[in-house]
Amino acid sequence: MAQRVQGTEDLFGGYMRAWQHMQDTAREVFGAYGFDLIETPAIEQVATFVHGIGESTDVVRKEMFRVYSGALVDQLLQKGSEEGLKAKQRLALRPEGTAGVVRAAVQNNFVPQGGAPVKLWYAGPMFRGERPQKGRLRQFHQVGVEWLGAPDPASDAECIIMLMRYFERLGFAPESLKLAINSMGDASCRPAYRRKVREFILEHAEEMCDDCLERAEINPLRAFDCKNAHCREVMAGAPLAPNNLCDECAEHYAQVKRYLDEAGVSYVEDPTLVRGLDYYTRTVFEVEVEGAGVGAIGGGGRYDGLMELEGGKPTPGLGFAVGFERIALALQAQGVNLAGDEPECVYVACTPDVRPAVFGVTLALREAGIRTEADYQGRSLKSQFKQANKLGAHVCVVLGPDEVAAGVATLRNMSTHEQEQVPLDELVARLS
Ligand code: AMP
């Protein structure tokens, strides 16, 4: 039997309804804030991710699924390296959504010079070659937003508020949500801060893991996020970003917090919060669920330099992404059924002799948008009722020779078993 790839899942039944519900809720909540849906391709040129996410990140260095097609595969096998391939031949499955949306914004000129900000949301599968475990998959699903062209700290605050409202609408107990925020500075203050952190790591070299020593040279801030608990303990004593902000970044951060306070959104300041991708500037945030044990369910931040890295004009931007699978696990732990109830349906049951007469009845109900099931296996009336119960039908439309002759149908309420007769030409109106 063919097997699913490890770290991937089939979405069906209640799990599929849960994923759809997450998207429907996103459309409602984000729509009220003025966001429109966008869909970008699941494959992009590697360069899109390298420029956007950063060469030094784990996502790009170790976790990206590369894509080669047809003749390229043979060529690669012969040469043993990508060298000589054109940019358009070096493809990858998207590990996250932001780089692709920003690429689309540059390519389609979504934010013309002096143009109004653009607000977009997306939903779809992302791919990372990670070691599969609970809440960590190789193909997982994200819902995310990108807001391009808005430098004002009110937009950072609104983005965070919208995210928290989204989680509440999905059914999380508000007090279980732990929102952490930080500011990582910008192009004017971060380089000096990075140098300080690098020096700190090198001063504590004997206590840090090899990965962190490598990070010291390529991306020292990532040491705050090391998987090794001892490294994180050491890093708790490192210089902290909020103490190393330039005046503009400090003022921006203060205003974001002021707006959050005004909206009554509670948060903790975590001066060691650094997000995994290189593109973040100033505000970063992450949300965890107390006691869920699945890690962060969502996070994001500001990325004022990203449009330029993707070849566009300097344009501020910010956004976040949340993970469907982790949210489903965390909500399940809180006893919330993200899938909702199975859809209601009507079952048309009949005796074999009137089957042809039933064909049109079933069709008419469906044309009216009523989810309708019927028997296609020649079952007895009794087993048709059984089947109707299994499918969760609320009502059975029962037709036998007497009903057909009289131009009526018997409606059977499947929970009370009460029956009544309805003229066939009133059936659709009655069940609508
Ligand atoms: P990130 O882009 O890494 O900040 O991820 C944003 C959100 O996507 C996380 O908070 C998770 O909910 C989810 N996520 C990231 N990586 C994975 C993964 N490998 N498996 C499942 N969910 C993930």
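The values are calculated or read from the model by the stated rules, or taken from the named source; none is laboratory data. These numbers were taken from a predicted model, which means no experiment stands behind them. So basically every Cβ, Gly included, is an ideal-geometry build from the backbone, and we count neighbours across all protein chains shown. We work out accessible area using only protein heavy atoms, side chains counted, and drop any ligands, DNA or RNA first. Shrake-Rupley method; radii C 1.70, N 1.55, O 1.52, S 1.80 Å.
Not counting ligands, DNA or RNA, and with a 1.4 Å probe, what is HIS394's accessible surface area in Å² rounded to the nearest 10? In the full protein context, HIS394 sits at about 90 Å². Net charge dipole, the range 166-297: roughly 240 debye, given to the nearest 20, about the Cα centre with Cβ charges of +1 for Lys and Arg and -1 for Asp and Glu. Full extension of the chain segment joining GLU344 with ARG4 gains 119.3 nm, where the gain is 0.36 nm per residue of separation less the Cα-Cα distance. Run the simple label-point estimate for GLN332 and ALA154 please: 7 Å along Cα→C-beta, distance reported in nm. Taking the two extended label points, one gets 4.2 nm. Put a dot 7 Å past the Cα of GLU55, heading toward its Cβ, do the same for ASP247, and the two dots end up 3.6 nm apart. For the chain, CYS159, CYS209, CYS212, CYS249, CYS345, CYS350, CYS396 have no disulfide-compatible partner, since no other Cys C-beta lies under 4.7 Å from theirs. Between GLU308 and ASN413, the contour length at 0.36 nm per residue exceeds the alpha carbon distance by 31.5 nm. Taking label points 7 Å from Cα along the Cα-to-Cβ direction, ASN109 and ALA71 give a separation of 3.5 nm.
Magnitude of the charge dipole for the chain, about its Cα centre and with charges confined to Cβ atoms of Lys, Arg (+1) and Asp, Glu (-1), is about 980 debye.
If the chain linking THR272 and GLN78 were pulled fully straight, counting 0.36 nm for each residue of separation and taking away their Cα-Cα distance, it would gain 65.3 nm.
Just to be sure I follow the definition: excluding the sites themselves, where is the longest run in the chain that has none of the chymotrypsin sites (Phe, Trp or Tyr not before Pro) in a DSSP loop with at most 15 other Cβ atoms within 10 Å? By the stated rule (loop sites, at most 15 other Cβ atoms within 10 Å), 66-375. Structure note, pairs LYS88/LYS119; LYS119/LYS313; LYS196/LYS257: Cα-Cα distances above 24 angstrom occur for LYS88/LYS119; LYS196/LYS257. Amide H to amide H distances under 5 Å link ALA349 with VAL397, VAL398, LEU399, where only residues 5 or more positions off or on other chains count and H is placed in the peptide plane. Among the trypsin sites (Lys or Arg not before Pro) within the range 206-252, those in coil by DSSP and having at most 13 neighbouring Cβ atoms inside 10 Å are LYS227.
Can you figure out the FRET efficiency of LYS382 with GLU233, using R₀ = 56 Å and their beta-carbon distance, to the nearest 0.05? Efficiency, from the Cβ-Cβ distance: 0.25. Restricting the range 275-326 to GluC sites (Glu not before Pro) that sit in a DSSP loop and have at most 14 other Cβ atoms within 10 Å of their own Cβ leaves GLU290. Mean-square fluctuation check for the chain, GNM, Cα pairs under 10 Å: which of CYS350, CYS209, CYS189 is largest? For the chain, modelled as a Gaussian network with Cα springs under 10 Å, the answer is CYS350. Heavy-atom accessible surface of the chain, averaged per residue, reaches 49 Å², computed with a 1.4 Å probe. Listed by chain and number, the lysines whose alpha-carbon sits under 26 Å from that of LYS382, ignoring those within fewer than 8 places in the same chain, are LYS390. Below 8 Å between Cα atoms, with a sequence gap of 6+, how large is the relative contact order for the range 345-431 in percent? Once normalised by length, the contact order is 32 percent. Using C-alpha pairs under 8 Å with a sequence gap of at least 6, the mean separation divided by the residue count of the range 88-164 gives a relative contact order of 28 percent. Here the relative contact order of the chain, from alpha carbon pairs under 8 Å that lie six or more residues apart, stands at 16 percent. Annotation: the antiparallel percentage among DSSP beta bridges lying fully within the range 345-431 is about 50.
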